[in-house]
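The values are calculated or read from the model by the stated rules, or taken from the named source; none is laboratory data. Please read all numbers here as calculations on a predicted model, not as lab measurements. Note: ideal-geometry Cβ built from the backbone for every residue, glycine included; neighbour counts use all protein chains shown. All accessible areas refer to the heavy atoms of the entire protein, side chains included, with ligands and DNA or RNA removed. Shrake-Rupley method; radii C 1.70, N 1.55, O 1.52, S 1.80 Å.
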Amino acid sequence: MKHLRRMLAPVALLLCATTFMAPCRAQTPVEPAPPPASVVAAPSGGHELTAADAQAWLDGLFPYAMKKNDLAAAVVVVVKDGKILVARGYGYADVAAKKPVDPATTLFRPGSISKTFMWTAVMQLVEQGKLDLDTDVNKYLDFTIPPRDGKPITLRDLMTHTPGFEETDKNLFAPDAKQLMSNEAWLKEWVPERVYAPGEVSAYSNYGAALAGYIVQRVSGQPFDDYIEQHIYQPLGMKYATFRQPLPASLEPYMAKSYAKASSPAKPFELVTVAPAGSMSVSGEDMGRYMIAHLQDGRYGEAQILRPETAQQMHNFKHYSVPGLPPIALGFYHLDRNGQDIIGHGGDTELFHSELMLYLKHDVGVFVSIDGAGDGGLRHQLWAGFADRYFPAVPVNQPILATAREHGALLVGRYLNSRVSVSNFMSMLNLLSQPKIAMEKDGTLVTSDFKDLAGQPRRWREVAPFIWRDFDNGGHLGALMKDGKVRWLSVDEVAPVMVFMPVPGWQSASWNLPLLYFAVMVFLLAALLWPIAALVRRACGKPLAPQQPARRWYRWSRVVAILHLLFFGGWVYVLAQMNAEIASMSNGFDGTLRLIQLIGVLAIVGTIAVIANARHAWRATGGWWRKLNSLALVLACFGTIWFAFSLHLLNLHLNY
């Protein structure tokens with residue numbers, strides 16, 4: 001489950017002509033102008049996709065990559081023409097016991113790929129007439145989602161990740177079973193801020209997906225777990241699959257243990273609060289059955305989980321965040337490569353990383369799940385390598401446009417991820433993660449924050465109006481323009497679900513970060529030099545120069561500097577804790593947050609003492625060092641006040 005959206009995949013930026021229309025909200029698919037012919041590579045002959053060739057290729061890729069990256073286990077399943085072609089397990093489901101992975105029975109956590117099951121359930125209810133994709137979702141809820149700009153959210157908005165919610169992090173994972181909330185309770189605890197009008201801005205939303213899962217439960221009249229089991233798992237014969245948490249006793253022995261590294265001890269089973277968005281556990285071969293059903297328009301053997309027309313509606317719908325870059329279908333997003341239409345979904349928990357790819361026109365599907373804190377780029381290698389081996393492209397000559405410098409200059413600057421928090425302290429990440437675009441003299445765009453697998457900046461050259469290509473690594477960057485300005489950008493890898501918007505001046509890290517560094521440095525020097533100066537004076541037998549009350553304000557100003565340091569240090573701890581273990585960001589963490597906020601309030605109120613100290617320093621004769629450092633301390637305090645309010649660090653609520 002892609003919980004920490006700011007941990008950006010390589011990103012690229014979007015393009016569209018100035019005539020771009022707002023996404024259609026009707027039932028018919030959105031079909032904007034296709035990308036220029038020069039951008040689309042034509043398919044050519046490659047290796048024949050046989051069981052022997054695919055198995056040999058996978059066996060050459062996975063064991064080496066897993067050993068290199070210290071990964072515990074992986075499963076890969078390839079289906080073709082209605083059958084499982086290859087099912088391979090690598091590594092150990094239990095490292096200590098040296099229990100090998102069995103593709104048929106070993107359970108992995110596919111994370112957000114779980115959403116595609118939930119979206120399939122939505123479409124089942126749509127074809128039964130119980131749900132409508134373009135109706136206000138409040139019709140199906142027992143609480144209210146307020147409109148934004150007069151527009152209600154629809155299921156189509158949820159399925160295309162355009163409902164306009166800010167990001168949510170709190171209670172996404174639970175530290176233990178006792179603290180595991182129900183999906184319903186989590187949804188009702190807090191409705192996230194509406195950042196964008198629905199149907200307009202692509203911004204991946206776990207809240208939106210969880211909301212759709214709750215709608216399935218309410219409209220069907222069944223608990224979500226029961227519904228999926230009865231209407232998807234059982235018809236497809238998926239005996240090794242469940243959304244239930246903790247695992248049912250009958251499936252627990254088959255679960256691959258969770259490892260950050262193969263060389264480290266196993267960690268506990270991850271508990272996902274937003275169950276419809278990412279709690280599934282499933283074996284590789286059961287995922288093969290699911291892929292076959294979607295590749296065959298809802299049919300698997302004698303079972304039909306979707307009518308053909310419903311499956312086609314789900315697969316063929318296209319919403320473009322930037323025309324020329326991959327779109328999103330209904331619930332599945334495009335992972336196109338080499339001119340091939342590939343729909344699928346990625347999924348990440350803390351310790352499992354998965355990918356689902358469906359080549360609809362070739363009746364081919366690929367599923368992979370990797371057990372480890374990271375995948376070492378293995379998913380990307382599988383996606384790119386599989387397409388290049390079996391569905392390669394004829395090289396296409398793409399000359400650099402003469403407009404490269406003119407258009408590139410419009411993109412130079414800093415950007416914000418559309419998947420943001422705006423009403424709580426997590427907006428700190430908006431300051432700390434602002435990807436930059438620079439331009440070389442020849443018009444080549446350089447993205448030092450969007451790196452390739454080797455960790456090098458990506459370089460982009462314009463091959464169509466406002467479409468740039470990375471010739472070294474593949475992929476495109478595009479920009480959507482409006483009135484001659486960049487509205488937003490994206491890259492192939494994330495364009496279906498995420499865009500990047502120009503940073504407003506008041507939020508720019510170009511001046512906010514220097515101000516932050518200045519403030520912290522001033523507080524640090526004030527705190528460190530206070531005892532050092534006292535020791536020096538004692539050694540030299542010189543008393544502190546200021547007399548009362550100036551001496552008192554001087555000492556209080558140093559105490560305030562320490563409070564400011566503790567305030568900033570507290571937020572550094574919060575970010576480090578979230579990065580280390582997202583499950584810790586639960587209701588149980590609220591006490592820590594309140595303590596940090598209390599220190600912040602005391603620090604800000606203490607600005608009065610800092611101002612009083614500066615007033616006495618500037619009224620005294622001589623002592624220019626004391627005058628300057630007292631002024632610097634005042635400015636640093638006002639810096640803290642700016643950050644406390646602009647980043648919502650002292651909010652009364654603790655929803656994030």
Subject >> Criterion (farther than 28 Å from Q381 by Cβ and basic (K, R)) met by exactly one of K451, K485, K436 >> reply: K485
**OP:** Please verify whether the stretch 467-485 includes one or more residues that are within 28 Å of the chain's Cα centre (by Cα), outside any loop (DSSP other than H, G, I, E, B) and either of a type in the set (D, E) or surrounded by fewer than 21 Cβ atoms within 10 Å (Cβ to Cβ) (or both).
**Re:** yes
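Yes/no per residue for (1) acidic (D, E); (2) on the phi < 0 side of the Ramachandran plot; (3) crowded, with 22+ Cβ neighbours inside 10 Å:
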position	(1), (2), (3)
S112	no, yes, yes
A121	no, yes, yes
G129	no, no, no
L133	no, yes, no
D136	yes, yes, no
L141	no, yes, no
H161	no, no, yes
Original post:
Right, T106: crowded, with 23+ Cβ neighbours inside 10 Å, farther than 27 Å from L330 by Cβ and of a type outside the set (D, E) or not?
Top reply: yes
Subject >> Residue list for the stretch 226-235, restricted to those being over 11 Å from F117 (Cβ atoms) and under 30 Å from the mean Cα position of the chain (by Cα) >> reply: D226
Original post:
Within the stretch 396-426, can you find the residues that are touching a Ser or Thr at 6+ places or on another chain (Cβ under 6 Å) and open to solvent by less than 10 Å² (accessible area, probe 1.4 Å)?
Top reply: S421
Original post:
Just for the stretch 498-519: of the residues that are under 24 Å from the mean Cα position of the chain (by Cα) and buried (at least 23 other Cβ atoms within 10 Å of the Cβ), which one is nearest to H161 (Cα to Cα)?
Top reply: M498
**OP:** Considering each of V40, V79 in turn, give the residue that is at pLDDT below 95 and within 31 Å of the chain's Cα centre (by Cα).
**Re:** V40
**OP:** Taking the options H294, H353, H362, name whichever one is buried (at least 23 other Cβ atoms within 10 Å of the Cβ) and in contact with a Lys or Arg (Cβ under 9 Å, 6 or more places away or on another chain).
**Re:** H353
Original post:
So, of the residues in the stretch 387-406 that are in contact (Cβ under 8 Å) with a residue 60 or more places away in the chain, part of a helix (DSSP H, G or I) and of a type outside the set (S, T, Y), which turns out to be nearest to S202 (Cα to Cα)?
Top reply: D388
**OP:** Report yes if some residue within the stretch 150-159 is open to solvent by 20 Å² or more (accessible area, probe 1.4 Å), touching a helix residue (DSSP H, G or I) at 6+ places or on another chain (Cβ under 9 Å) and among the aliphatic types (A, V, I, L, M); otherwise report no.
**Re:** no
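Residue-wise test of (1) of a type in the set (V, I, T); (2) open to solvent by less than 50 Å² (accessible area, probe 1.4 Å).
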{"position": "A580", "(1), (2)": "no, no"}
{"position": "G591", "(1), (2)": "no, no"}
{"position": "I596", "(1), (2)": "yes, yes"}
{"position": "I599", "(1), (2)": "yes, yes"}
{"position": "G606", "(1), (2)": "no, yes"}
{"position": "G622", "(1), (2)": "no, yes"}
{"position": "S630", "(1), (2)": "no, yes"}
{"position": "A636", "(1), (2)": "no, yes"}
**OP:** Quickly run through the stretch 521-540 and pick out the residues that are at pLDDT 90 or above and among the small types (G, A, S).
**Re:** A526, A527
Original post:
Residues of the stretch 210-253 being surrounded by fewer than 18 Cβ atoms within 10 Å (Cβ to Cβ) and hydroxyl-bearing (S, T, Y), which ones?
Top reply: S250
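Rundown of residues vs (1) within 26 Å of I328 (Cα to Cα); (2) more than 16 Å from the chain's Cα centre (by Cα); (3) surrounded by fewer than 24 Cβ atoms within 10 Å (Cβ to Cβ), yes/no style:
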| residue | (1), (2), (3) |
| --- | --- |
| I145 | yes, yes, yes |
| F165 | yes, no, no |
| W190 | no, yes, yes |
| G199 | yes, yes, yes |
| A203 | yes, no, no |
Subject >> Pairs where the first residue, in the stretch 573-595, is free of Cβ contacts under 8 Å to residues at least 40 places away in the same chain and within 11 Å of L654 (Cβ to Cβ) and the second is open to solvent by 60 Å² or more (accessible area, probe 1.4 Å) and in a helix (DSSP H, G or I), C-beta under 9 Å, 6+ apart >> reply: T592/Y573
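The rows are residues; the columns are (1) at pLDDT 50 or above; (2) surrounded by 19 or more Cβ atoms within 10 Å (Cβ to Cβ).
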position	(1), (2)
P10	no, yes
L15	no, yes
C24	no, no
P29	no, no
A54	yes, yes
A73	yes, yes
